[in-house]
Structures are given as C-alpha cells and as structure tokens.
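Working notes, beginning with the structure itself.
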C-alpha cells in the first residue's frame, strides 16, 4: 500500500510504536508531521530515520486543548491539508487503589485521561474539521489490550483506553457520511523502550508466555495494522478495534 502525497500526523512519534508508525508511512510516500512533547533529541533521531523529504517536527502538549488545536493548525499551514491522524500519544502510570491516598487518586485519573482520552478527542475534533472541508480522511487510534482485560495496577490507563475505544466507535458512525473513517489498534505488550524495564523484571518470561508465540509484539507489527486501517480499501472496517496481542487475550 502506498500513501503518496498524503499528509499524516502521528502523535507521540518520537519513540516506540509512534516512531515505527511514522517510519512506515514515510517509507510509503507520505509526508509525516512527527509530534513530540518533551524529548526533542528523540524526535530528531526519529526524523533522521524517515525516508523521503519535507517531513516536520511538531511540539505540543496533547493534554492542553489549545496546544492540540495549534498543532493541527501548524500541520495544515505547512502542508495545506491533513489526510491521516494517528492518535498514539499516551501516558502510563501504575497507581494501585490499595496503595494510593485519596488525594493522589483524585489527581491521578484526570491527569491520565487528559492525554490518553481528552487529548485524543481534541485531536480528532480538530482534524475532523479539516477533513470535512477537504472531503474525507482517516483516523487511527492506538488503544490497548488493557481496555478489555483490565489494568489492576494502572486503572486510569485501562479506563482511558476503554474510553478511547468507545470514542472511536461513536465517531466512526457519525463521521462515515463525511468520508472520514476511524479504526483502532489494541496492542498488548510491545517491545519498546517504555516496556523494556518491565520485560527485564523477573516476570518478563511470564509476560512473554502470555502469547502462544512466546514473545511480545514488535512495534512494526502494530504499525502494519495502523497502515491497513488508514489505507484506501479499508473503509468498511470503520469502527473496528483490531487486537495485536498475539492471542495473549482473546475477547468475544
């Protein structure tokens, strides 16, 4: 599949899954707006890996509604359009209820949701305005296996990803008549810098054995599904949530 002349905004693109998604789109001819929040060096390193020319780095705090609008505006100002939005930016923080004060708990949920759910919702809103004007587009949300199986020690993360799933399905129904199609990818553990520390723990082998493949996903495997959902010909998958967890969690 090719994405020649398409403009793609990938949030949280400086590392891990976002980096591989940005690389995959660039390798197939797209112009990529590579969003980052705080790690400029990592964003620059990712930009250096992108095939083709004319890509852009875009700084923004996805948890800030004004910054999200400015981000989308900057992409459109640079390229004149926005064809594909990939909502990948997210934060994960473990905070078990049994070990958390009420004050910490009250702070924890909105802080995680501000990026993982509200930030994604704001990015979709702003991108959809552009896509409706130009006749259509694609939106891909990166969710998590944790939205379905639960995240006992990171409940705000699981809840925010479950909300993202519902958001994508709701807006898929609303926006399809505008030629805007929305798909969601729900990975399990992925071999990224963020997961490396956890996978290096004594229970790392047990995590890998959750899948009959006896490993976790590679970032490029998640990117492959994101490419498919954003591609021409995948319109009738709108509203779908695709599991990329190596059969480590099977849902009915």
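The values are calculated or read from the model by the stated rules, or taken from the named source; none is laboratory data. Here the structure is a predicted model, which means the values were calculated and not measured. Cβ sites come from the backbone with ideal geometry, for glycine too, and all protein chains shown count toward neighbours.
Here are some notes:
- Test: residue in segment 48-59 that is buried (at least 20 other Cβ atoms within 10 Å of the Cβ), modelled with pLDDT of 95 or more and under 18 Å from residue 164 (Cβ atoms): no
- Failed item, numbered, when residue 179 is tested on (1) touching a helix residue (DSSP H, G or I) at 6+ places or on another chain (Cβ under 9 Å); (2) at pLDDT below 95; (3) surrounded by fewer than 16 Cβ atoms within 10 Å (Cβ to Cβ): (2)
- Residue in segment 215-228 that is surrounded by the most Cβ atoms within 10 Å (Cβ to Cβ), counting only those that are over 13 Å from residue 188 (Cα atoms) and either modelled with pLDDT under 95 or in contact with a helix residue (DSSP H, G or I) (Cβ under 6 Å, 6 or more places away or on another chain) (or both): 226
- Segment 65-87: number of residues that are outside any helix (DSSP H, G or I), surrounded by fewer than 20 Cβ atoms within 10 Å (Cβ to Cβ) and touching a helix residue (DSSP H, G or I) at 6+ places or on another chain (Cβ under 8 Å): 1
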